[in-house]
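To start, I am sharing the structure in question, which I have written as C-alpha cells.
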Number of protein chains: 2
Amino acid sequence: MTQGAFTIGIDLGGTTTRMGMFDARMDLLASRSIVTRVAAGPQACVEEMADVVRALLYEQDSSGSGDILGIGIGSPGPINLKTGVLGLLPNLPGWENFHLRDALAEATGFPVILESDANAAAIGEWKFGAGRSTGLDSMAMITLGTGVGSGLILNDRVWHGMCGMAGEIGHATIDPEGPMCGCGTRGCLELYSSANGLVRIAKSVAESSQGTSALLGLMNSGEELTTLKLAMLAEKGNDSAAQLVFQRMGRHLGQGVASLLNTLDLPMVVIGGGVAGAWRLFAPSMFEAVGQYSVVYRLTAPSQFDSCEIHRPFICPAELGASAGLLGAAALPNLSKANSRHQENVELANA
Amino acid sequence: MTQGAFTIGIDLGGTTTRMGMFDARMDLLASRSIVTRVAAGPQACVEEMADVVRALLYEQDSSGSGDILGIGIGSPGPINLKTGVLGLLPNLPGWENFHLRDALAEATGFPVILESDANAAAIGEWKFGAGRSTGLDSMAMITLGTGVGSGLILNDRVWHGMCGMAGEIGHATIDPEGPMCGCGTRGCLELYSSANGLVRIAKSVAESSQGTSALLGLMNSGEELTTLKLAMLAEKGNDSAAQLVFQRMGRHLGQGVASLLNTLDLPMVVIGGGVAGAWRLFAPSMFEAVGQYSVVYRLTAPSQFDSCEIHRPFICPAELGASAGLLGAAALPNLSKANSRHQENVELANA
C-alpha cells in the first residue's frame with residue numbers, strides 16, 4: 001500500500017456524524033464532526049458529507065481523487081447490505097429505503113463500503129483497540145449505548161448473516177416475562193443494559209425498599225439522569241442503591257454474554273459504548289452471571305482438560321471509546337483491498 | 001475421487017455405536033450396530049470398533065487399506081478437538097481424558113477425523129438431508145434427543161469456536177429463574193425441549209388444573225413415558241393436556257431458535273432428534289415464539305425492504321432421522337480432502 005492511499009471514515013449517528021481522513025498506517029490526518037440534520041432528509045445529509053470530504057481533501061493538499069482508496073461508512077441498522085439501502089431506523093425517522101451507499105458514492109465520486117455502525121465499531125476494536133495485539137481472528141463487540149448493538153468477527157471477517165442483520169444481541173431475550181421492548185418482544189437485553197435500561201432499573205430500585213434518599217434525589221432533580229451521574233453516586237457517593245443498579249445491569253449483561261459464548265465459544269468479547277465506562281461497577285456481577293449461565297465458560301476452565309492450553313474467553317472493556325466506529329469505518333476500504341476473504345464478503349454484502 | 005475411495009463413519013453413542021462403510025458417492029455399502037460397552041472402558045470399545053472396521057473391509061472384498069480415505073467419528077461432547085481427547089461425558093462415565101482419535105487411528109491404521117456427534121449430524125443434514133438441495137453455505141441443526149445438542153455450519157465449515165464447544169444451544173437460558181439443569185445453570189433449553197424435558201412438562205401439566213385423566217393415566221401406567229406415547233395421546237387421542245405439553249415445549253424451543261437467529265441471522269435451522277418426530281404438534285407454537293422473540297425473523301419479512309429478495313430463514317424438520325450422525329461422520333474424510341477451507345479447519349481442530 002502506498003503512502004498516498006488515504007481512506008475516509010464516516011460514523012453516521014442519529015445526532016452527530018463524525019468523519020475522518022486517515023493515511024495508510026491508519027493515522028488520523030484530519031477530522032470533522034457535523035450535526036446530523038435528520039429532518040432535512042438523507043440526500044441533504046449526504047451532500048453535506050460530500051462537502052466535508054472535499055474540505056478534508058483540500059486541507060491535506062491532496063492532489064486529487066487518485067489518492068483516496070475509498071470511503072467506509074458505518075450507519076445505524078438495520079441496513080440491507082446487499083443493496084446498500086436503509087431499513088426502518090428509530091434514530092433516523094423518514095430515512096428508510098434510502099440508497100445510502102449509492103448516493104454517497106455519487107456525491108463524492110469515490111467507492112463506498114457500507115457497514116452497520118455496530119460492525120464498524122467491532123472492526124475498530126478488533127484491529128486498533130482491545131483486540132489489537134491479540135492476533136485473534138474472531139471476537140464479538142457489544143456496544144452499550146442508547147440501545148445495545150453488537151458486531152461479530154468470525155474467521156477474520158465480519159459475520160453478516162443472511163440479510164446483514166446478525167449480531168442483534170440487544171434483542172436477545174433475557175426475561176421472557178420482562179417488560180415490552182420497542183422491537184415488539186419482551187425482556188430484551190437492551191431493556192437492561194443500555195443507558196435507557198440503566199435509567200429504567202434506577203427507577204425501579206429507587207421506588208423499592210432498597211431505594212435511598214440520594215438515588216431518589218438524583219431521580220427527582222429535574223435534570224436528565226445519565227450513566228455518569230449514576231456512576232458518580234455509586235462510586236464517589238458509595239450509595240448502595242446506585243451500586244445495586246449497576247449490579248443488576250451487570251447480571252443481565254452477563255446473561256447475554258453467556259448466551260453468545262454458549263452459541264459461538266468465542267475467544268474474546270469486548271464491551272464498549274458509553275455505559276461501559278462504568279465497567280468497575282457492573283463487571284463483578286457480569287462475570288458472576290457469565291459463569292452461572294455459560295456452560296462453555298465454565299467448561300473452558302483449565303482443569304477440564306488435561307495437558308491442553310485452553311483459556312477462558314477474554315471479556316474486557318473497549319479501548320477506543322467513541323472513536324471505534326470511525327476507525328472501523330475508515331478501515332473498511334483497506335480490509336476490502338488487503339484481505340481477499342473479507343473482499344469476498346464485502347462484495348457479497350455490497351453486490 | 002476414485003471409486004475406490006471408501007470412507008467409514010462411526011456414530012458413537014452412550015448405548016449404541018453405529019458404523020457404516022460408504023463409497024465415494026456416499027452410498028452405504030455395509031453397516032453394523034454394536035452395543036457400546038461403556039463399563040468395559042474406551043480402549044476395549046475402540047478395539048471392538050477396529051474389529052468391525054476389519055469385518056466391513058472383508059465383506060467388501062476390499063483389496064487393502066489403500067482404498068480407505070479415512071474414518072470419521074462423531075462422539076458425544078465436550079471433546080477437545082485440538083488434542084482428540086474426551087471431556088467429562090455424562091453418558092460415557094469414566095471415559096474422560098481418553099485420546100479417542102489417536103487410539104482409533106492406532107487400532108485401525110487409518111487416519112481418523114473426530115467431531116462432536118451434534119456437528120456430525122449437522123454435516124449429515126446439510127450435505128445429505130434437509131440442506132441437500134438448498135445450496136446454502138450456512139445453517140444450524142438442533143438435535144432434540146435425551147438432551148439438546150446443536151451444530152453450526154458457517155461459510156461452508158463447521159464452526160467449532162475457540163475450544164470446539166460452540167453450539168451449546170441446549171444450555172441457552174430460556175428462563176433465568178427456571179429449574180436447575182445438570183450443567184449447573186437454571187432454565188436451560190434442554191430442560192424444556194428434550195425427551196426428558198417433555199416428560200418434565202407432562203408431569204407439571206398432569207398435576208395442574210389443565211391435566212386430564214388420560215394424561216394422568218399415561219403418567220401413572222408404570223411404563224416409561226416416551227415422546228411417541230405422548231404424541232399418540234395428543235394426536236390420536238386428541239387429548240388437550242398432551243397437546244398443551246407439546247405447545248409449551250414448542251414455545252420454549254422457539255425462544256431458543258429466536259436467540260440463534262438474532263445472533264447469527266442464519267438462512268436455515270433444521271430440527272432433528274427423536275422429539276422432532278412430533279413436529280406437527282410443537283411447530284405452530286414454535287413458529288409463534290420465533291416470531292415473538294426474534295427481531296431478525298420479524299425484520300426479514302419481505303415488506304421491510306423494498307426491491308429486495310430477502311427471505312425468512314427456513315425452519316424445518318430434519319430428514320435423515322438417526323442416520324444423520326453416521327452420514328455426517330462418514331463425510332468427514334471427504335470434506336477434509338475436497339474442501340481446502342474445511343481441511344484448514346479440521347487441521348486446526350485436530351492439530
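The values are calculated or read from the model by the stated rules, or taken from the named source; none is laboratory data. As the structure is a computational prediction, the values presented were derived from the model and not from experiment. Cβ: placed from backbone, ideal geometry, glycine included. Neighbour counts: every protein chain shown. The area values use the complete protein model at the heavy-atom level, side chains included, leaving out ligands, DNA and RNA. Shrake-Rupley method; radii C 1.70, N 1.55, O 1.52, S 1.80 Å.
Quote the charge dipole size of region B:122-257 about the Cα centre in Debye, to the nearest 20; the model charges only the Cβ of Lys and Arg (+1) and of Asp and Glu (-1).
120
To continue, here is another question. Tell me the mean residue ellipticity at 222 nm calculated for the protein assembly as shown from its helices only (DSSP H runs of n ≥ 4, each -39500 (n - 2.57), averaged over every residue, nearest 500).
-12500 deg cm²/dmol, from helical runs alone.
May I ask for the angle, rounded to the nearest 10°, between helix B:240-264 and the longest principal axis of chain B, with both axes built from Cα atoms and the value confined to 0 to 90°?
60
Then there is this: Along the charge dipole of region A:111-247, Cβ charges K/R +1 and D/E -1, which of A:169, A:140, A:234 sits furthest on the positive end?
A:234
Kirkwood hydrodynamic radius for the protein assembly as shown: how many Å is it when counted over pairs of different Cα atoms?
26.8
Please state the charge dipole magnitude for the protein assembly as shown, taken about the Cα centre, from unit charges on C-beta atoms (+1 on K and R, -1 on D and E), reported in debye and rounded to the nearest 20.
880
Beyond 29 Å between alpha-carbons counts as too far, so tell me which of A:82/B:82; A:203/A:236; B:203/B:236; A:203/B:203 fall in that bin.
Table pairs above 29 Å Cα-Cα are A:82/B:82; A:203/B:203.
Here is a follow-up. Any chance you could check the Cα centroid distance between region B:36-59 and region B:153-171 for me, in angstrom?
Each part's Cα centre sits 28 Å from the other's.
In nm to one decimal, list the spacings between the residue A:182 label point and its equivalents in the other copies, with label points set 7 Å along Cα to Cβ, shortest first.
Reported distances to equivalent positions: 4.3 nm.
Still on this structure, I have one more. Going by average Cβ density within 10 Å per residue, which order do the peptides A:199-208, B:326-335 take, highest to lowest?
Ranked by mean Cβ neighbours within 10 Å, highest first: B:326-335, A:199-208.
For chain A, count the residues as N, evaluate 2.2 N^0.38 Å, and divide the Cα radius of gyration by that value, please.
Relative to the rule-of-thumb radius for its length, chain A sits at 1.03.
Quick one: label points 7 angstrom along Cα→Cβ at residue B:156, distances to the other copies in nm, smallest first?
1.5
What ranking of A:127, B:236 comes out by heavy-atom accessible area, probe 1.4 Å, highest first?
Order by accessible area, largest first: B:236, A:127.
For the charge dipole of chain A, defined by +1 on Lys and Arg C-beta atoms and -1 on Asp and Glu C-beta atoms about the Cα centroid, which residue among A:104, A:187, A:8 has the Cα displaced farthest towards the positive pole?
Selected residue: A:187.
Something else: Work through the residues other than residue A:74 whose Cβ is under 9 Å from its Cβ and net out their charges, Lys, Arg +1 and Asp, Glu -1.
Local charge sum for residue A:74: -3.
Over region B:27-92, consider all pairs of different Cα atoms and compute the Kirkwood hydrodynamic radius from their mean reciprocal separation; express it in Å, one decimal.
It is 13.9 Å.
Ok, one more. Nearest 20 debye, what's the magnitude of the dipole of chain B about its Cα centre given +1 on Lys and Arg Cβ and -1 on Asp and Glu Cβ?
Charge dipole of chain B: 540 debye, to the nearest 20.
Can you list, shortest first and in nm, the gaps between the label point of residue A:210 and those of its counterparts in the other copies, using a point 7 Å from Cα in the C-beta direction?
3.2
Among B:58, A:225, A:81, whose Cα projects farthest towards the positive end of the dipole of the protein assembly as shown, with charges put on the beta-carbon of Lys, Arg (+1) and Asp, Glu (-1)?
Towards the positive end, the residue furthest out is A:225.
Output the 0 to 90 degree angle, nearest 10, between the alpha-carbon long axis of helix A:279-293 and the longest principal axis computed from the alpha carbons of chain A.
Orientation of helix A:279-293: about 80 degrees from the principal axis.
If you don't mind, there's one more thing I want to ask. Roughly how many Å is it from the Cα centre of region B:75-108 to that of region B:110-149, as a whole number?
19
Rounded, prolate or oblate: pick one for region B:1-143, where a ≥ b ≥ c are the square roots of the eigenvalues of its C-alpha gyration tensor, a/c under 1.5 means rounded, and failing that, prolate if a/b is larger than b/c, else oblate.
oblate
Using a/c under 1.5 as the rounded threshold, could you call region B:160-221 rounded, prolate or oblate? The axes a ≥ b ≥ c are square roots of the C-alpha gyration tensor eigenvalues, and prolate needs a/b larger than b/c, oblate otherwise.
prolate
Return one number: the angle in degrees, 0 to 90 and rounded to the nearest 10, between the long axis of the Cα atoms of helix A:340-350 and the longest principal axis of the Cα atoms of chain A.
90
Please report, in whole Å³, the volume per residue of the convex hull around the C-alpha atoms of region A:234-295.
In region A:234-295, the Cα hull volume divided by residue count equals 74 Å³.
Taking chain A as a Gaussian network, Cα atoms linked when under 10 Å apart, which of A:288, A:223, A:96 shows the biggest mean-square fluctuation?
A:223
As a test of reading the structure, rank A:156, B:27, A:265 by solvent-accessible area (1.4 Å probe, protein chains only), most first.
Output order, biggest surface exposure first: B:27, A:156, A:265.
Another question, if that's okay. Partner chain Cβ atoms within 10 Å, averaged over the residues of A:178-189 - can you pull that number for me?
The mean count of partner-chain Cβ atoms within 10 Å per residue comes to 3.
Between rounded, prolate and oblate, where does region B:68-173 land on the alpha carbon gyration tensor, with a ≥ b ≥ c its root eigenvalues, rounded for a/c under 1.5, else prolate if a/b exceeds b/c?
It is oblate, given that a/c is not under 1.5 and a/b is not larger than b/c.
Roughly how much of residue A:54 is accessible, in Å² to the nearest 10, using a 1.4 Å probe?
120
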